[in-house]
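**Q** Just passing along the structure, written as C-alpha cells.
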Amino acid sequence: MKAYLIDGVGKSRVGVIAVPEPDAGELLIRVMVTGLCGTDAHIFKGEYFGEYPIVPGHEFSGIVEKTGPGVKHFHKGDRVSADPNIFCDNCPECKANNHNFCTDFNAAGVTLNGAMAAYMLIPEKCAFPIGDISFTHAALIEPLACVVHGQNLLAPKLANRTLIIGAGPIGLMHLQVSKMNGAAFVAVSDVKTGRLDVAKSLGADEVIPAPEVSDYVRRHGGFDIVIDSTGVPSVVQSALAYVKSAGTLLVFGVCPNDSAITVNPYEIFKRELTIMGSFALRKTFGQAIRLVEGGRIALDPLIGRRAALDEMPGLMADFAAGRTHMKTVVYPNGLE
Ligand SMILES: [Zn+2]
Ligand SMILES: [Zn+2]
C-alpha cells in the first residue's frame, strides 16, 4: 500500500509498505481522511518524541476493513474515527485516570505507524463510531477532543474574558468552545490578518493583529484566560503579561521540546497567576463527537487544502515553513 513516511529529520517520501495485519483486539482501517497537524511538523523537524521511520497522521477517519481476533464492537464497513493515543491501562498513571501521562504509552502516527497511508491499525478500545458525520469532519474530532481536554482543565468561570493567541484551526476551535463554555468576551489575535477575518466570522468579539496585543491590553486591561495556540516560545513568554491578576495562561500549542522561556516568579506570586498545560486528550473523544454531531462547532472554515497522499512531501515542507493556511486534509484513498 501507499504510505507517506518520515525517514529522518527533514526527510520524507511517499513509498510502498505492506498492509498491516490486525492482531487480537485491533481494527484494520481503510483511511479516508487524515488531518495534518503541528505535531506532524514537529516529528518532521525532529522536535518530538518517537523514532524514524514513521508514518505520521493521528487525526483521521475511515472504514473498518478487517477485525482482529476478539474484536467485539466493530464490524467490516463501520465508519469510525479514533483516539490515536494507546494507553496501557496498567501503569500507576492509567490507574489514577491520568491516561495521557501513561508511562507505557504509544500513539498512532507518533510512535506507531499512523494514518498517512491507505490502511492503518488501531486497537478497538481507541475507536469510536462516527454515525453520519462526514469523513472530513470526523478527521477533525481528535484536535477538537484535545481542545475539549484543555477547556475541561481550565473549567472557565461564567462571564470570563478570554484571549486566544493564534487563529489556526486549534485557536478557532478554542474560540467556539470558549463561547459555549461561558465566556462573556473572546478576543483572538494572529499575525495573519486573513485568519482574523475567519475568527470574526466565527463569533470573535474582537480580533487583534499580533503586534497590537500589548497596546490593546494596556488600554483595556488583561484577560482572565489567555490561551496560547501558537506553540511559539517567545509568544508564550509575552502572553503572561496579557493575563489579569488571578488569571490563567493555558499553554496549549506545542513548543519545541528543548525550548525555554523566562518568567518572573515574583510576578506569578504577586499577581497570583496560574500557568497551566494541556497535553493531548484524556477521555474527551466522545465529548468532541457529540459537539460535532450536535452541529455546535463550525468545521468547514477550519479546513484549508484538500490533498492527495502523493502531495505530502511538498505539503510537509510548506507546512513546516508556515506556508499553509488552515487545516490541510489528506485523502489517502482518493478525494471523498
Ligand atoms: Zn494533532
Ligand atoms: Zn499506562
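Every residue, every condition in (1) under 19 Å from the mean Cα position of the chain (by Cα); (2) buried (at least 22 other Cβ atoms within 10 Å of the Cβ); (3) more than 30 Å from Gly15 (Cβ to Cβ), yes or no:
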{"residue": "Gly114", "(1), (2), (3)": "yes, yes, no"}
{"residue": "Lys125", "(1), (2), (3)": "no, no, no"}
{"residue": "Gly131", "(1), (2), (3)": "no, no, yes"}
{"residue": "Ser134", "(1), (2), (3)": "yes, no, no"}
{"residue": "Cys146", "(1), (2), (3)": "yes, yes, no"}
{"residue": "Leu158", "(1), (2), (3)": "no, no, yes"}
{"residue": "Ile164", "(1), (2), (3)": "yes, yes, yes"}
{"residue": "Met173", "(1), (2), (3)": "yes, yes, yes"}
{"residue": "Gly182", "(1), (2), (3)": "no, no, yes"}
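**Q** Let me ask another. I need a count of the residues in segment 136-161 that are within 15 Å of ligand 1 (Cβ to nearest atom) and assigned to a helix (DSSP H, G or I).
**A** Residues meeting the conditions: 11.
**Q** Next up: Just give me the residues in segment 47-59 being open to solvent by 10 Å² or more (accessible area, probe 1.4 Å) and of a type in the set (Gly, Ala, Ser), in sequence order.
**A** At the first step, the residues of segment 47-59 found to be open to solvent by 10 Å² or more (accessible area, probe 1.4 Å) are 47-53, 58.
Across segment 47-59, the qualifying residue is only Gly50.
**Q** Quick one: count up the residues across segment 208-223 that are open to solvent by less than 10 Å² (accessible area, probe 1.4 Å) and part of a helix (DSSP H, G or I).
**A** 1
**Q** Another question about this same structure. Out of all the residues in segment 224-243, is one or more in contact (Cβ under 8 Å) with a residue 60 or more places away in the chain, charged (D, E, K, R) and open to solvent by 50 Å² or more (accessible area, probe 1.4 Å)?
**A** No - not one qualifying residue is present in segment 224-243.
Yes or no, residue by residue, for (1) open to solvent by 40 Å² or more (accessible area, probe 1.4 Å); (2) within 16 Å of ligand 2 (Cβ to nearest atom); (3) more than 24 Å from the chain's Cα centre (by Cα):
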residue	(1), (2), (3)
Leu5	no, no, no
Gly10	yes, no, no
Val31	no, no, no
Lys45	yes, no, no
Ser61	no, no, no
Lys72	yes, no, yes
Ser81	no, no, no
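**Q** Counting only residues that are under 17 Å from Val147 (Cα atoms) and in contact with a Ser or Thr (Cβ under 7 Å, 6 or more places away or on another chain), how many does segment 196-226 have?
**A** Here the count works out to 1.
**Q** Going through segment 108-131 one residue at a time, which ones are touching a residue at least 60 places away in the same chain (Cβ under 8 Å) and under 27 Å from Val177 (Cα atoms)? Full working, then the answer.
**A** Taking segment 108-131 and keeping what is touching a residue at least 60 places away in the same chain (Cβ under 8 Å), we get 109-111, 113-125, 127-128, 130-131.
Passing the criteria: Gly109, Val110, Ala115, Lys125, Ala127, Phe128, Ile130, Gly131.
**Q** If you don't mind, another one. Going by the structure shown, is Lys192 at pLDDT below 95 and open to solvent by 20 Å² or more (accessible area, probe 1.4 Å)?
**A** Taking the combined requirement at face value, the residue satisfies it.
The values are calculated or read from the model by the stated rules, or taken from the named source; none is laboratory data. Quick caveat, the model's predicted, so the values are computed rather than measured. Every residue, glycine as well, gets a Cβ built from its backbone with ideal geometry; the counts of neighbours run over all protein chains shown. Please note that ligands, DNA and RNA were not included when accessible areas were found on the heavy atoms of the full protein model with its side chains. Shrake-Rupley method; radii C 1.70, N 1.55, O 1.52, S 1.80 Å.
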